[in-house]
Amino acid sequence: MKLYNKSYSLATGKESEQLSVYDIRVDYDEHKAGNPYNTSFCVDVVSRHFAGLAYFEYSIEHFIAFVRDLRDFYDFKINTVELNNDFSYGSEVKFLLFKTGQVEVSGKLYGGISGEQSLVFKFISDQTAFKAFSSALYDDFIVNNDFL
């Protein structure tokens, strides 16, 4: 198992509007064995001083596709990227890019033992805030990933 002991943050410049992906764990042995839930991570959101945390489970292929989509999103090649969590209570994060360069970050996070906690959120950022976020993920999971 490989633990990416980093936090990948979308720095909006506002304490009241933040998104972080962290505690990413990829079990490449489980991937090779065909287990579709071989990658887990946390998503933490602060939106207008409300906060939520959700755990996601994915296949590494879907996570890498998300990372590639973020790069295309930053390069204005696509205008929507979604992070859906089909394993744990339906949490999701959506990024919508407007022609002005503004980005709507929205979604819902479910947490707690059986999803009894939830956060529905939406805030506006700009496309330039995605550079560090998408580049760090791209470097770690595409450029420097020699496992796949």
Seminar exercise, completed: Note on region 15-34: residues exposed (fewer than 13 other Cβ atoms within 10 Å of the Cβ) and of a type outside the set (Asp, Glu) are Ser16, Lys32, Ala33, Gly34
Problem set entry | Selected residue (only one of Phe73, Phe56, Phe63, Phe87 is of a type in the set (Phe, Trp, Tyr), modelled with pLDDT of 90 or more and outside any helix (DSSP H, G or I)) | Phe56
Exercise. Between residues in region 75-97 that are within 10 Å of Phe56 (Cβ to Cβ) and charged (D, E, K, R) and residues that are exposed (fewer than 14 other Cβ atoms within 10 Å of the Cβ) and modelled with pLDDT of 90 or more, which pairs lie under 9 Å by C-beta distance while being six or more apart or on different chains?
Worked result: Glu92/Glu82
Exercise. Within region 27-40, is there a residue that is in a loop (DSSP other than H, G, I, E, B) and either touching a Cys at 6+ places or on another chain (Cβ under 9 Å) or of a type in the set (D, E, K, R) (or both)?
Worked result: yes
Exercise. Identify, please: which residue in region 96-134 is in contact with a helix residue (DSSP H, G or I) (Cβ under 8 Å, 6 or more places away or on another chain) and under 27 Å from Asp27 (Cβ atoms) and is, among those, surrounded by the most Cβ atoms within 10 Å (Cβ to Cβ)?
Worked result: Ser134
Exercise. In region 26-48, how many are within 15 Å of the chain's Cα centre (by Cα) and under 23 Å from Leu119 (Cβ atoms)?
Worked result: 8
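The values are calculated or read from the model by the stated rules, or taken from the named source; none is laboratory data. No experiment lies behind these values; they were computed from the predicted model shown. Virtual Cβ from ideal backbone geometry, glycine too; neighbours counted across all protein chains shown.
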